[in-house]
2 protein chains.
Amino acid sequence: MRIAQVAPLWERVPPPGYGGIELIVGHLTDELVRRGHQVTLFASGDSQTLARLEAVCPQALRLDRETLEPEAYAVLQYKRVLDAAGEFDLVHFHTSYPALPYAEMLNIPVVHTLHNGFTRENQQVFQHYRHQPFISISDAQQQRIRELNYVRTVHNGIDPASYPFVEEPADDPPYLAFLGRMSPQKGPHHAIEIAKRSGWTLKMAGKVDPIDRAYFEAEIAPQIDNRQIQYHGELCHRDKVRLLGYATATLFPITWEEPFGLVSIESMCAGTPVIAFNRGAVPEIVAHGATGFICQTVDEAVDAVSLVEDLDRENCRDFVERHFSVSSMVEKYEAAYQKVLNEFWSRNGRPVSEPTLAA
Amino acid sequence: MRIAQVAPLWERVPPPGYGGIELIVGHLTDELVRRGHQVTLFASGDSQTLARLEAVCPQALRLDRETLEPEAYAVLQYKRVLDAAGEFDLVHFHTSYPALPYAEMLNIPVVHTLHNGFTRENQQVFQHYRHQPFISISDAQQQRIRELNYVRTVHNGIDPASYPFVEEPADDPPYLAFLGRMSPQKGPHHAIEIAKRSGWTLKMAGKVDPIDRAYFEAEIAPQIDNRQIQYHGELCHRDKVRLLGYATATLFPITWEEPFGLVSIESMCAGTPVIAFNRGAVPEIVAHGATGFICQTVDEAVDAVSLVEDLDRENCRDFVERHFSVSSMVEKYEAAYQKVLNEFWSRNGRPVSEPTLAA
């Protein structure tokens, strides 16, 4: 099958550090190539891929300090996809609502993965284009806008080889981990409260976006003593995995309907159970009482800390390998593509030389 | 003629303070209505217009502190234009390159005014869509990208009634004016040098954008003594016009190819000649030796200061009334619309009920 993958341009594919969407697109693209598909990746020019790379800009826009109008590159990218549409059996957009009007112009099967949360503004755009085929990254995400034409849910998948399994967590001292943006949505203030009330050390890491600076200075910074409550700034992949892997538990005390939550599967993959709040996709990702605990309140999370050491760390990893690996993700994407093709053909007739799923 | 005007959403139409594009769109829209056209204005909901208003967002996005994704409103706006296209004989976009792919989807005559400067990124988008009909706001602007399908140049126009004529400039002390963003492109550092070397008082006003903050602190702020070199911050329209009108000359020492330069015609309209650097559209806007002086260097500008009092202030205003009034601008736009219609019809055949220019 000839597939176009259209990635965001902010980070390269795969990203050197942060960049959940670009990470997933990279895994998906390479695995599709390994399975024999002809894949073209529309991404920044510094991307590394097994697919044919169509580079719109020379490097990730985050690194390009001269770019005043990153959106212009997105417009160029979509134009390139339109111009090359005849070369593909299907176009897969990972670039959220701005791609929708362009998708309408394509007379070939198209599908969009909803990597981001919905906002007040973009909801209206999605509503206008609700007949486009969408893939949600959790069933919970579909509840946010029920009217969209969902093909199916495909949970994110990661490569277990990138997350070495840690049999025994650190004990000098044992600690809880928090990893994520220092924003109210991610709940680092809850993580601190859980650690303080349970008497555990907390190791936190994650970036502070400009919009969250005031929150961080007011609610988080005053509580960091770098003994019990530690903040390690932004970490590279290796240090991040180490922080998660050597923790006794990872806290995921989100305060919003997070559509997925990659850090939970990263943690479990390294063997570390997750203590999470019951919001968004958490019930689809954490197996309560097996790979972690799903809690309603800070009180319940404090109780869970005392139970978490009884969970089987190997079970956490097995769980991710079975449900959230790259290969399970790509199998589901292949099934979704076939469904999109069938629906498109049923409306528009089959093409003369029919693409087959296996290359 | 049934015309859609598509305005940026950042400021309302017309803007309460800054916002050159929204000002021009407001003048154009109201004057077209006065001339009997049926005009629909796509703009923010707080806009004030004689036309039918199609509001995509309740208020100017600049005022909407909750909007995280202003671009989503632009996508919605274009979608609305597409859906309503059957109601119009022509769609006039004022929203730069993001509108281009949508314009391609319209099967009716379309035209774009190039209000902004070109950037490295957006140039590539314009090149891709170069066959779209474009109106430049100066002939000089066309030199930046020659390959576009230019319909014609239409210089910006203002309403002389909003710029009271000042017969006698201030003399206690007499001063030079500088009005514009405090950015290197606008050349406030040159204005200061011209004032210091000629021994004149300089009154400056204009905003400091975040991107220009370092330049302002390093190059401009240390020279402000609020006696000879004064900085008055951002001014409202009335104070701005007063600052320009009571000056002996307005300095316009730009360092880039500015496509128009509204402040020059605002100054001349109030009676104040302009001493400008020979860049961008300056030769099309300032009549050298009559309504100001066009200079190559700071030296020449210093010399011009000593000559500028000999220029006839009434002549400056007449010049604007003749060449840069709203009515002269709208006449040229009407001619441009007719040209766009004729070219569209010659390719696509005439509509059954042909729109006529006079309503």
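Of the listed requirements (1) away from chain A (no Cβ under 14 Å); (2) in a loop (DSSP other than H, G, I, E, B), B:GLU66 misses just one: (1). Selection of first residues in the range B:140-163 that are among the acidic types (Asp, Glu) and of second residues that are assigned to a helix (DSSP H, G or I), restricted to Cβ pairs under 6 Å at least 6 apart or on distinct chains, gives the following pairs, ordered by first then second residue: B:ASP159/B:VAL326. Counting the residues of the range B:115-160 that are part of a strand (DSSP E or B) and within 14 Å of another protein chain (Cβ to nearest Cβ) gives 0. Note on the range B:216-248: residues that are in contact (Cβ under 8 Å) with a residue 60 or more places away in the chain and either farther than 22 Å from B:ASP171 by Cβ or not in a loop (DSSP other than H, G, I, E, B) (or both) total 8.
As a summary of the residue check, A:PRO16 satisfies the conditions (1) crowded, with 22+ Cβ neighbours inside 10 Å; (2) more than 14 Å from every other protein chain (Cβ to nearest Cβ); (3) closer than 24 Å to A:LEU262 by Cα except for the one numbered (1). The set of residues in the range A:120-147 that are open to solvent by less than 40 Å² (accessible area, probe 1.4 Å) and closer than 28 Å to A:HIS323 by Cα comprises A:GLN132, A:PRO133, A:PHE134, A:ILE135, A:SER136, A:ILE137, A:SER138, A:ALA140, A:GLN141, A:ILE145.
Which of the residues spanning the range B:178-200 are in contact (Cβ under 8 Å) with a residue 24 or more places away in the chain, open to solvent by 10 Å² or more (accessible area, probe 1.4 Å) and over 19 Å from B:VAL241 (Cβ atoms)? Residues satisfying the conditions are B:PRO184, B:GLN185, B:HIS189, B:HIS190, B:GLU193, B:LYS196, B:ARG197, B:SER198, B:TRP200.
Applying the condition of being acidic (Asp, Glu) and under 11 Å from B:LEU179 (Cβ atoms) to the range B:224-252 and asking which residue is modelled with the highest pLDDT yields B:ASP239. When the range B:82-98 is filtered for residues that are part of a helix (DSSP H, G or I) and either surrounded by 24 or more Cβ atoms within 10 Å (Cβ to Cβ) or at the interface with chain A (Cβ under 9 Å from one of its Cβ atoms) (or both), the ones remaining, listed by number, are B:LEU82, B:ASP83, B:TYR97, B:PRO98. Here B:GLY245 meets each of (1) buried (at least 23 other Cβ atoms within 10 Å of the Cβ); (2) closer than 21 Å to B:GLU300 by Cα with one exception, condition (2). Filtering the range A:308-323 to residues that are open to solvent by 20 Å² or more (accessible area, probe 1.4 Å) and part of a helix (DSSP H, G or I) leaves A:GLU309, A:ASP310, A:ARG313, A:GLU314, A:ASN315, A:ARG317, A:ASP318, A:PHE319, A:GLU321, A:ARG322, A:HIS323. Screening the candidates B:VAL305, B:VAL286, B:VAL263 for the property of being open to solvent by less than 10 Å² (accessible area, probe 1.4 Å) and within 24 Å of B:SER136 (Cα to Cα) yields one hit, B:VAL286. Looking across the range B:99-114 at every residue that is open to solvent by less than 20 Å² (accessible area, probe 1.4 Å) and β-branched (Val, Ile, Thr), the one that is nearest to the other protein chains (Cβ to nearest Cβ) is identified as B:VAL110. In summary, A:LEU251 fulfils each of the numbered conditions (1) of a type in the set (A, V, I, L, M); (2) in a strand (DSSP E or B); (3) open to solvent by 10 Å² or more (accessible area, probe 1.4 Å) with the single exception of condition (3). Hey, A:TYR78 hits all of (1) within 14 Å of chain B (Cβ to nearest Cβ); (2) in a loop (DSSP other than H, G, I, E, B) but one; which does it fall short on? A:TYR78 satisfies every listed condition except (2). Sort through B:ALA221, B:ALA205 and tell me the only one that's modelled with pLDDT of 95 or more, more than 26 Å from B:LEU23 (Cβ to Cβ) and either under 26 Å from the mean Cα position of the chain (by Cα) or open to solvent by less than 60 Å² (accessible area, probe 1.4 Å) (or both). Testing whether each residue is modelled with pLDDT of 95 or more, more than 26 Å from B:LEU23 (Cβ to Cβ) and either under 26 Å from the mean Cα position of the chain (by Cα) or open to solvent by less than 60 Å² (accessible area, probe 1.4 Å) (or both) leaves just B:ALA221.
Residues of the range A:8-48 that are part of a loop (DSSP other than H, G, I, E, B) and among the charged types (D, E, K, R): A:GLU11, A:ARG12, A:ARG35, A:ASP46.
Within the range A:20-45, being surrounded by fewer than 20 Cβ atoms within 10 Å (Cβ to Cβ) and more than 18 Å from B:ARG120 (Cβ to Cβ) holds for A:GLY20, A:VAL33, A:ARG34, A:ARG35, A:GLY36, A:GLN38.
Criterion first (surrounded by 15 or more Cβ atoms within 10 Å (Cβ to Cβ) and of a type in the set (Gly, Ala, Ser)) does A:ALA51 satisfy it? Criteria met by A:ALA51.
Taken over the range A:51-80, the criterion of being among the basic types (Lys, Arg) and without any contact (Cβ under 8 Å) to a residue 24 or more places away in the chain is satisfied by A:ARG52, A:ARG65, A:LYS79.
Residue-wise test of (1) of a type outside the set (Asp, Glu); (2) modelled with pLDDT of 95 or more; (3) over 27 Å from A:ARG350 (Cβ atoms).
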position: A:GLN38; (1), (2), (3): yes, yes, no
position: A:LYS79; (1), (2), (3): yes, no, yes
position: A:GLY86; (1), (2), (3): yes, no, no
position: A:HIS92; (1), (2), (3): yes, yes, no
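The values are calculated or read from the model by the stated rules, or taken from the named source; none is laboratory data. Quick caveat, the model's predicted, so the values are computed rather than measured. As a convention, Cβ positions derive from the backbone with ideal geometry for all residues, glycine included, and neighbour counts pool all protein chains shown. Just so you know, the surface numbers come from the protein's heavy atoms only, side chains and all, with ligands and any DNA or RNA stripped out. Shrake-Rupley method; radii C 1.70, N 1.55, O 1.52, S 1.80 Å.
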